[in-house]
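Input: a single structure, listed below in structure tokens.
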Amino acid sequence: MLSRFMSGPHPAKRRLVAMSSHLGNGPQNGGPTGPTGQTRAKVLTIDSMNPLVKKVEYAVRGPIVARATELEKELEKGVPKPFKQVIKANIGDAHAMGQKPITFLRQVISLCVNPDLLNNESFPADARERARRILQGCKGGSLDDVMAVPLPSLLESHGIGSYSDSVGVEVIRKDIAAYIERRDGFPSDPDNIFLSTGASDAIKNCLHLLVAGSGKTRTGIMIPIPQYPLYSAAASQLDAHQVNYYLNEDNNWALDIAELERSVKEARQHCTPRVLCVINPGNPTGQVLSKENVQEIIKFAAREHLFLMADEVYQDNIYAEGCAFHSFKKTMMELGPEYSTLELASFHSTSKGYMGECGFRGGYMEVINMDPQVKLQLKKLVSTKLCPPVSGQATMDCVVNPPQPGEPSYESFIKEKTAVLKSLAERAKLVAETFNSIEGVTCNTVQGAMYAFPRIALPQRAVEKAKSLGQAPDGFYALQLLEQAGICVVPGSGFGQREGTYHFRTTILPQPDKLKIFMDAFTAFHNKFMKEYAD
């Protein structure tokens, strides 16, 4: 990873090398000594460690981001830079970029953390009721008499400070099932709901179940390119075969069934494709699948006998006119008996949407048509981690069980939610339009999610310069953007892209005032860069 983005005489790389030499990796570096005074060799070295871990790459928090943090510290110390601040647009962390928390969510969490506040009437009655319900669920009492539990009993409980069931608090799983039923119009069984440490943890647990075999029987995981690098990282860690299928950039990153068919056919020469991963709305590409497209994907998965994994964490983030979110479960059920028995796992999170509560690490997975014996193994697997953060579970409950019309918090909640999504839609449009106004940059419409994935037409001289440093050309570009303009983005090579094309991913999350600084600084840098390396 370092060689990809930061090869050559870069100061960050020199510091890492120096740090490695200082810490030492064995007797030759003056490690601890044994009883005889001889230097003791390390049990764990870079050569003896698990080789699968070394294959894992995660560009979203890679070396360019590490350099951005260094630059922030240098600015704090007064080191002169050609910019006044570092804008980290590398990750979808809404609150880190200035978004205010949703009041109702934080009120409920505050009450769960400190039940002494439950009789404080400065909190709305519906927030206190939600917290009381969650706390009683944590205590393990009957859900039928939640409101009958006396306050002193709740105060004596350890509440969210106690472990929950490994699959999650029962009352929260019931609320999630009810939410899915309202959304899709089809039943949802709480026993199929697994709460998780963000959606990422649930995705990895699901993949753990699916990976098996070796040689041509080795599991193939079909992954969209560009992709969120969690999937490629998990494939590497599990020693699965990564099967790429390419999204169509010329058609606003559409998912073409012909490309899926090409991909699975070629993969079967090397492995056994067993799982199809789909991200909708897309990350890093920001596309939203049409209902017809979702139907085609389901039919393809059924035809090719694939387990379908639907990453739907951005389901609230829909911006473009004519676009709408269509859940894979609902669409599958609507297709009738021929397809409603397809094995499906779908994922949601508190980290995205209008909430942006990344730090609470709340998420869930719903499994559909999973073999009962396999589901028992899944329960065993999640039990090894004891339970997801209960505060994150409580946050998820607020997402799936928000204030309803007539409740005290409803109007303020809707006002805050609408304002966040409206602002994101405006920024999505602004970012794409601005990129498309710059020579050498093209960007598809940001239909949903939180990112733009613009393409940059790098001059050949810049490509050759990058290769001479042992860097990916878009990695070189992104590093120069950071050093010269203080803007941190992720090179497209960290997500995958067609050979000969260069991109970067940026969030649309900077608040409007900071976004203007971002776009102005980017434009000035890009024009200067293109002039410097003009062919």
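The values are calculated or read from the model by the stated rules, or taken from the named source; none is laboratory data. Every value quoted in this text rests on a predicted model; they were computed, and no experiment measured them. Methodologically, a virtual Cβ is constructed for each residue, glycine included, from the backbone with ideal geometry; neighbour enumeration extends over all protein chains shown. For the accessible areas, the whole protein counts, side chains as well, though only heavy atoms, and no ligand, DNA or RNA atoms are used. Shrake-Rupley method; radii C 1.70, N 1.55, O 1.52, S 1.80 Å.
In table form, for the structure just shown:
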item	result
Criterion violated by Ile180 - all others in (1) modelled with pLDDT of 95 or more; (2) more than 26 Å from the chain's Cα centre (by Cα) satisfied	(2)
Scan of segment 62-78 for residues that are of a type in the set (Asp, Glu) and free of Cβ contacts under 8 Å to residues at least 40 places away in the same chain, ordered by number	Glu72, Glu74, Glu76
Within segment 226-247, considering residues that are part of a helix (DSSP H, G or I) and touching a helix residue (DSSP H, G or I) at 6+ places or on another chain (Cβ under 7 Å), the one nearest to Tyr314 (Cα to Cα)	Leu230
Flag if Tyr533 is among the hydroxyl-bearing types (Ser, Thr, Tyr) and crowded, with 22+ Cβ neighbours inside 10 Å	no
Segment 392-439, subset part of a helix (DSSP H, G or I) and β-branched (Val, Ile, Thr), residue surrounded by the most Cβ atoms within 10 Å (Cβ to Cβ)	Thr395
Residue among Glu464, Glu499 that is open to solvent by 10 Å² or more (accessible area, probe 1.4 Å) and modelled with pLDDT of 90 or more	Glu464
Tally, over segment 168-225, of residues that are in a helix (DSSP H, G or I) and either more than 30 Å from Gly494 (Cα to Cα) or among the polar types (S, T, N, Q) (or both)	21
Boolean, Gly486 is of a type in the set (Gly, Ala, Ser), under 19 Å from Ala96 (Cβ atoms) and open to solvent by less than 10 Å² (accessible area, probe 1.4 Å)	yes
Residue tally, condition part of a loop (DSSP other than H, G, I, E, B), under 18 Å from Gln287 (Cα atoms) and of a type in the set (A, V, I, L, M, F, W, C), over segment 297-313	1
